[in-house]
Amino acid sequence: MSSILELKNLSFVYGLKTPFEKKAVDNVSLTINRGEFIGVIGHTGSGKSTLVQMLNGLIKPTDGQVLFDGEDIWKNPKDIRKIRFKVGMVFQYPEYQLFEETVYKDIAFGPLNMGKNADEIDNAVRRAAEFTGLGLNLLQKSPFELSGGEKRRAAIAGVIAMDPEVLVLDEPTAGLDPVGRDVLLSQIVQYHKNRSNTVILVSHSMEDIARVADKIIVMNKSHLVMFDKTREVFSRGRDLEKIGLRVPQVTKIMLELKEQGFELPDSVLTVDEAFSALSDLLKKEGKIW
């Protein structure tokens with residue numbers, strides 16, 4: 001599996017050389033492979049949002065490098081706009097960025113600026129709407145007539161329409177009700193499966209990250225403290241709790257049972273896995289057959 005993004009000793013300082021100087025990201029190095037689904041977790045102020053905004057040049061590092069396909073994205077600063085087509089960014093509450101007369105024009109904005117022709121733009125808009133579960137009947141409406149969940153999907157479709165090689169989503173389900181959150185997350189997972197591109201998801205929801213991510217980046221106080229497969233990260237539940245992060249509830253329960261001496265797997269991420277592990281344990285002890 002080839003790498004698509006590589007961070008080398010990456011740092012960023014807000015208010016550099018002022019009395020308000022604050023290091024948001026401190027000497028982070030890691031490699032993200034093509035096609036991976038990466039989760040990013042950390043408490044508020046840990047540096048995770050600053051980190052992902054450096055991936056497509058929205059923020060220029062104070063020190064270190066971001067390599068895309070082996071090339072420093074800041075090698076030619078005039079070309080940084082091209083990187084933003086390849087590494088698409090969806091911000092928290094992206095619906096606030098909607099501005100066009102119709103949903104169609106809003107989704108088409110990115111492909112239009114990439115220089116695509118009318119047919120290519122139309123295909124990109126319709127495909128992006130389909131990926132995000134946005135009905136084609138909504139495309140000619142004003143984006144301000146849409147429901148909250150529809151606005152969110154329209155805004156995400158605007159980034160997907162550019163067909164980025166890396167899709168970065170910063171808290172895309174924030175503020176949605178549980179049903180809306182589950183629907184949107186399922187659509188992002190389906191998009192990743194269909195496109196086989198790289199997806200980077202920042203979230204406060206450990207349950208969401210456990211369900212979808214191949215690997216997890218854990219940030220704490222501007223530092224990278226873990227970067228490993230999802231199961232390996234959540235098997236270190238006590239270490240995560242020490243830095244103020246909550247493991248998925250089912251993982252926590254199974255961890256506590258294991259600490260009481262029950263023979264259970266190191267990391268259980270879902271209710272189905274917990275049911276299977278407990279059933280196997282009870283069968284082994286002759287409690288069920």
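The values are calculated or read from the model by the stated rules, or taken from the named source; none is laboratory data. None of the values given here were measured: they were computed from a predicted structure. Neighbour counts run over all protein chains shown; Cβ positions are idealised from the backbone, glycine included.
Summary table
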{"read-out": "Hey, Val103 in contact with a Pro (Cβ under 6 Å, 6 or more places away or on another chain) and more than 20 Å from Asp170 (Cα to Cα) or not", "value": "yes"}
{"read-out": "Residues of segment 8-33 satisfying the condition of being closer than 23 Å to Asn197 by Cβ and touching a Pro at 6+ places or on another chain (Cβ under 9 Å)", "value": "Leu10"}
{"read-out": "Given (1) under 21 Å from the mean Cα position of the chain (by Cα); (2) in contact (Cβ under 8 Å) with a residue 12 or more places away in the chain, number of the condition Met114 does not satisfy", "value": "(1)"}
{"read-out": "Segment 158-194, subset among the charged types (D, E, K, R) and modelled with pLDDT of 90 or more, residue surrounded by the fewest Cβ atoms within 10 Å (Cβ to Cβ)", "value": "Lys193"}
{"read-out": "Test result for Pro143, surrounded by 22 or more Cβ atoms within 10 Å (Cβ to Cβ) and more than 21 Å from Tyr191 (Cα to Cα)", "value": "yes"}
{"read-out": "Candidate set from segment 234-270 (those that are at pLDDT 85 or above and β-branched (Val, Ile, Thr)); member that is farthest from Ile217 (Cα to Cα)", "value": "Ile253"}
{"read-out": "Residue match in segment 207-214 (condition: surrounded by fewer than 22 Cβ atoms within 10 Å (Cβ to Cβ), among the acidic types (Asp, Glu) and under 21 Å from Pro164 (Cα atoms))", "value": "yes"}
{"read-out": "Residues of segment 92-109 satisfying the condition of being closer than 22 Å to Arg126 by Cα and not in a helix (DSSP H, G or I)", "value": "Leu98, Phe99, Glu100, Glu101, Thr102"}
{"read-out": "Matching residues in segment 110-120 - criterion: being part of a helix (DSSP H, G or I) and surrounded by fewer than 20 Cβ atoms within 10 Å (Cβ to Cβ)", "value": "Leu112, Asn113, Ala118, Asp119, Glu120"}
{"read-out": "Residues of segment 61-71 that turn out to be out of contact with any helix residue (DSSP H, G or I) (no Cβ under 8 Å at 6 or more places or on another chain) and either assigned to a loop (DSSP other than H, G, I, E, B) or more than 22 Å from Tyr14 (Cβ to Cβ) (or both), as a count", "value": "6"}
{"read-out": "Segment 12-56, residues that are of a type in the set (Gly, Ala, Ser) and either at pLDDT 95 or above or under 28 Å from Glu232 (Cβ atoms) (or both)", "value": "Ala24, Ser29, Gly35, Gly39, Gly42, Gly45, Ser46, Gly47, Ser49"}
{"read-out": "Counted residues, segment 232-257 - those being crowded, with 18+ Cβ neighbours inside 10 Å and in contact with a Leu (Cβ under 8 Å, 6 or more places away or on another chain)", "value": "8"}
{"read-out": "Number of the condition not met by Tyr104 [criteria: (1) modelled with pLDDT under 95; (2) more than 22 Å from Met206 (Cβ to Cβ)]", "value": "(1)"}
